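The values are calculated or read from the model by the stated rules, or taken from the named source; none is laboratory data. None of these values were measured; they are calculated from a predicted model. Don't worry about glycine lacking a Cβ; one is built from the backbone with ideal geometry, like all the others, and counts go over all protein chains shown.
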Ligand code: ADP
Ligand code: MG
């Protein structure tokens with residue numbers, strides 16, 4: 001975990017000191033380390049105030065290893081430490097003042113770009129505005145607000161803007177921040193030692209392009225909203241680009257300060273709608289190829305089926321595809337991805353009510369029993385002849401795959417078997433499926449019966 005806010009760092013240093021106290025000679029510890037504290041952070045460098053000029057020289061020369069080990073153990077991050085004295089801090093020459101944590105590293109994700117954003121009617125306005133903004137930050141459209149339901153690509157566009165600006169204007173300091181992180185940091189910042197700078201000043205001096213995700217999180221947080229309002233205004237007056245996203249049109253946002261609301265509406269509100277089926281198909285194809293697979297190995301109905309079924313939310317669409325890919329690799333072992341495979345793979349994701357009839361563990365057990373000419377109670381019972389054991393394992397496997405039940409619960413259905421027994425059964429089927437043609441046929445027949 002990366003620990004970056006001052007209050008977190010202070011706690012971190014406390015833990016480091018504890019370790020040093022154990023690791024070092026008592027006198028050394030008390031002389032050099034005891035009342036040291038964290039002053040600030042610069043990227044990955046922590047500025048630690050020690051009690052004398054000598055300590056500032058001795059520690060890095062002699063105890064760097066102990067400090068480094070303790071720090072790495074406590075933080076899992078490769079911080080380096082700069083030792084300074086109170087005088088250095090007062091003269092302000094060596095170190096920079098405390099910063100809000102969200103700028104110590106930029107959170108822009110390189111994987112979200114314009115290249116891998118599929119454009120359709122549903123998102124064209126938002127896409128085009130984002131593209132133009134990236135070419136001329138602060139000039140044409142400012143501020144801009146992108147709104148729409150969850151999973152439709154708002155965050156993706158924000159990052160794409162950030163990535164493009166960073167590439168095209170390397171000098172611009174671009175900050176992506178989720179509103180929730182802004183809130184958290186705001187709270188820490190006002191309660192902590194802020195070295196006399198206000199958050200508004202800090203933003204004015206340190207950020208050129210501000211990308212704020214999910215501003216609905218600011219609703220009902222009065223003082224944070226006020227600060228945000230000032231930051232927003234300062235960017236606006238200085239023609240610095242601001243892009244924000246929201247899960248709905250700001251006029252509908254309850255609990256948001258009216259001034260902020262009207263500011264947001266004055267900006268350019270652009271909606272992202274649910275994608276067309278065609279857009280979804282393109283997204284699927286792009287993602288299949290990005291996974292190193294060939295779209296031609298998928299029956300066209302598979303793509304249509306997924307696009308139709310999961311149109312509401314691209315995140316879910318991607319989740320369904322990932323599941324199918326996983327399933328295809330793990331279980332089906334077939335070159336061709338058919339609609340049957342696709343349906344069984346995503347079955348657990350479908351709302352049972354609106355899908356293919358209710359599939360329950362009982363129905364699976366009954367179907368398997370019928371297929372093998374056995375009474376159902378033997379499937380869930382204890383007899384271990386090979387035929388019955390096979391049927392039992394197949395039933396466990398199908399329940400696991402189709403209903404996604406935890407192993408322990410499956411065990412309970414099978415007369416209180418423990419979860420290791422279930423895992424063992426499911427694994428047996430998975431392994432045999434790789435080579436056993438008869439078993440492959442049985443599973444595929446059962447699949448059809450369970451539709
Ligand atoms: P939101 O922020 O609106 O909730 P995200 O931007 O997080 O949605 O998008 C959810 C997922 O869907 C992300 O993985 C994103 O890359 C993907 N996605 C959404 N829209 C598109 C699109 N038009 N083209 C490609 N991927 C998309
Ligand atoms: Mg988002």
Among (1) surrounded by fewer than 21 Cβ atoms within 10 Å (Cβ to Cβ); (2) in the same structural domain as residue 177 (by TED's automatic domain parsing), where does residue 241 come up short? (1)
Would you please list the contacts, defined by Cβ atoms under 6 Å and residues six or more apart or on different chains, that run from a residue in segment 364-383 that is within 23 Å of residue 348 (Cα to Cα) to a residue that is in a loop (DSSP other than H, G, I, E, B)? 367/450; 380/414; 380/415
Failed criterion for residue 172 (all others in (1) part of a loop (DSSP other than H, G, I, E, B); (2) touching a strand residue (DSSP E or B) at 6+ places or on another chain (Cβ under 7 Å); (3) within 13 Å of ligand 1 (Cβ to nearest atom) hold): (3)
Can you name the residue in segment 437-447 that is more than 14 Å from residue 360 (Cα to Cα) and under 36 Å from the mean Cα position of the chain (by Cα) and, of all such residues, is surrounded by the most Cβ atoms within 10 Å (Cβ to Cβ)? 443
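May I ask you to verify whether residue 239 is out of contact with any helix residue (DSSP H, G or I) (no Cβ under 7 Å at 6 or more places or on another chain), over 21 Å from residue 126 (Cβ atoms) and at pLDDT 90 or above?
On the way: out of contact with any helix residue (DSSP H, G or I) (no Cβ under 7 Å at 6 or more places or on another chain): yes; over 21 Å from residue 126 (Cβ atoms): yes; at pLDDT 90 or above: yes.
So residue 239 fits the description; yes.
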Residues in segment 165-178: is at least one at pLDDT 95 or above and crowded, with 20+ Cβ neighbours inside 10 Å? yes
Would you confirm whether any residue within segment 90-107 is surrounded by 14 or more Cβ atoms within 10 Å (Cβ to Cβ) and at pLDDT 80 or above? no
It is to be established whether one or more residues within segment 200-218 are without any contact (Cβ under 8 Å) to a residue 24 or more places away in the chain and more than 16 Å from ligand 2 (Cβ to nearest atom). yes
